[in-house]
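Below is one structure; the comments refer to it alone.
The values are calculated or read from the model by the stated rules, or taken from the named source; none is laboratory data. Owing to the predicted nature of the structure, the values given are computational and were not obtained by experimental measurement. Note: ideal-geometry Cβ built from the backbone for every residue, glycine included; neighbour counts use all protein chains shown.
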Amino acid sequence: MPEAIASIGFVGLGNMGWPMAHLLDPHYSLTVHDARANVAESFAAEHAATATTSLAELAAASDAVITMLPNGDIVREVALGDGGLAAGFVGGSVLLDMSSSAPLGTHRLAEDLEPRGVAVVDAPVSGGVAGARGGTLAIMVGGDPDEIARCRPVLEHLGRVIYEMGGSGTGHAMKALNNYCSAAALSSACEALIVGDRMGLEPAKMVDVLNASSGRSAATQGKIAEEILSRDFSAGFTIALMAKDVGIAGGLAEGLAMEAPILARTRDLWRDAAELLGDTAGVTEIVKLWEEWNGAELGSGSG
């Protein structure tokens, strides 16, 4: 069994990374890095952490390095690029990627770091900023079982539930496939409500029936009434982020040479929505596509 983790390097102090690093600070010797050096310095000033602009120095000072970055390409560059983590890693280190990365890319990264004696564990999260602040994230983990066991005490400071999914890349696969299912459910609910509205059905009553029937989903049980019918599009998760995750799921299916027509259509739909509605639009604003296509506003009685 690998030695227990005592020191952590944290790369990426954005909306999710900052509160996650904050939860770890009391328990570990913490070194932080962000592409915006002033952000890392601000974090260090408020915590017992050390800020550094050198990824190699961060890796050398850490038993484990956590990455919370926009995508897997950036994680790979941070790990293997000039002056990256690999320049400072010592044998027995672990890279714990908690970003939403492409599963097959994660598997390749693990293969590339293995000869250096560095393990890769993928541990993407669900639960948003509120979950990151409260330490209540759901965490999906892939990698070597012994390395997962080594990382578990760290993850327990960050999440309420930890699911071990399998080998390298399986955590990232689960995250992407979960968000694909979420995106497909929200899309189909919006479409059904628009069609029903044109027929004269009351959208609120439709939601009640769906929630009492087999058509219910997380979308109908919360998002539809709270944001779409109220016209209060305040979802913290953006269309752009959902499009990224559904795109990862689509890329996984293609990489595995699988036929997945609903996934392909859902990926295209959300990609187009991100382009049309903008990067900051919340996920529930996707209903505006159907409203524009059909000259209606949900619940307005138009059409």
Fill in: Residues (under 17 Å from residue 161 (Cβ atoms), part of a loop (DSSP other than H, G, I, E, B) and without any contact (Cβ under 8 Å) to a residue 40 or more places away in the chain) located in the stretch 105-132
127
Worksheet item: Within the stretch 154-262, which helices (runs of 4 or more DSSP H) (wholly inside it) include 3 or more residues that are farther than 28 Å from residue 278 by Cα?
Response: 170-199, 203-211
Item to complete: Scan 280, 266 and give me the residue that is more than 15 Å from residue 176 (Cβ to Cβ) and of a type in the set (S, T, N, Q).
Response: 280
Discussion item. Given (1) touching a Ser or Thr at 6+ places or on another chain (Cβ under 7 Å); (2) aliphatic (A, V, I, L, M); (3) over 17 Å from residue 87 (Cβ atoms), identify the lone condition not met by residue 11.
Written reply: (3)
Discussion item. Would you confirm whether or not the stretch 256-264 contains a residue that is surrounded by fewer than 13 Cβ atoms within 10 Å (Cβ to Cβ) and farther than 26 Å from residue 99 by Cα?
Written reply: yes
Fill in: Conditions (1) within 18 Å of the chain's Cα centre (by Cα); (2) more than 30 Å from residue 135 (Cβ to Cβ); number of the one not met by residue 231
(1)
Worksheet, complete the sentence: Those residues of the stretch 114-142 which are in contact with a His (Cβ under 7 Å, 6 or more places away or on another chain) and buried (at least 24 other Cβ atoms within 10 Å of the Cβ) amount to 122, 124, 142
Response to the item:
Here the residues within the stretch 90-104 that are touching a Lys or Arg at 6+ places or on another chain (Cβ under 8 Å) and free of Cβ contacts under 8 Å to residues at least 60 places away in the same chain are 91
Worksheet item: If the Cβ limit is 6 Å and pairs must be 6+ apart or interchain, which residue in the stretch 215-238 that is of a type in the set (Gly, Ala, Ser) pairs with which residue that is surrounded by 17 or more Cβ atoms within 10 Å (Cβ to Cβ) and not in a helix (DSSP H, G or I)?
Response: 235/282
Fill in: Within the stretch 1-100, helices (runs of 4 or more DSSP H) holding 1 or more residues that are loosely packed, with under 15 Cβ neighbours inside 10 Å
37-46, 72-80
Item to complete: Go through (1) part of a loop (DSSP other than H, G, I, E, B); (2) at pLDDT 95 or above; (3) under 30 Å from residue 73 (Cα atoms) and name the single condition residue 279 misses.
Response: (2)
Worksheet item: Has the stretch 142-151 got any residue that is within 18 Å of the chain's Cα centre (by Cα) and assigned by TED's automatic domain parsing to the domain that holds residue 269?
Response: no
Item to complete: Could you grab me the full set of residues in the stretch 226-241 that are farther than 30 Å from residue 101 by Cα and either touching a His at 6+ places or on another chain (Cβ under 8 Å) or crowded, with 16+ Cβ neighbours inside 10 Å (or both)?
Response: 229
Worksheet entry | Which numbered condition residue 157 misses (of (1) surrounded by fewer than 18 Cβ atoms within 10 Å (Cβ to Cβ); (2) in the same structural domain as residue 266 (by TED's automatic domain parsing)) | (2)
Item to complete: Among the numbered conditions (1) of a type outside the set (Val, Ile, Thr); (2) surrounded by fewer than 17 Cβ atoms within 10 Å (Cβ to Cβ); (3) under 15 Å from residue 16 (Cβ atoms), tell me where residue 146 comes up short.
Response: (3)
Worksheet item: Would it be correct to say that residue 212 is surrounded by 22 or more Cβ atoms within 10 Å (Cβ to Cβ), small (Gly, Ala, Ser) and farther than 11 Å from residue 122 by Cβ?
Response: no
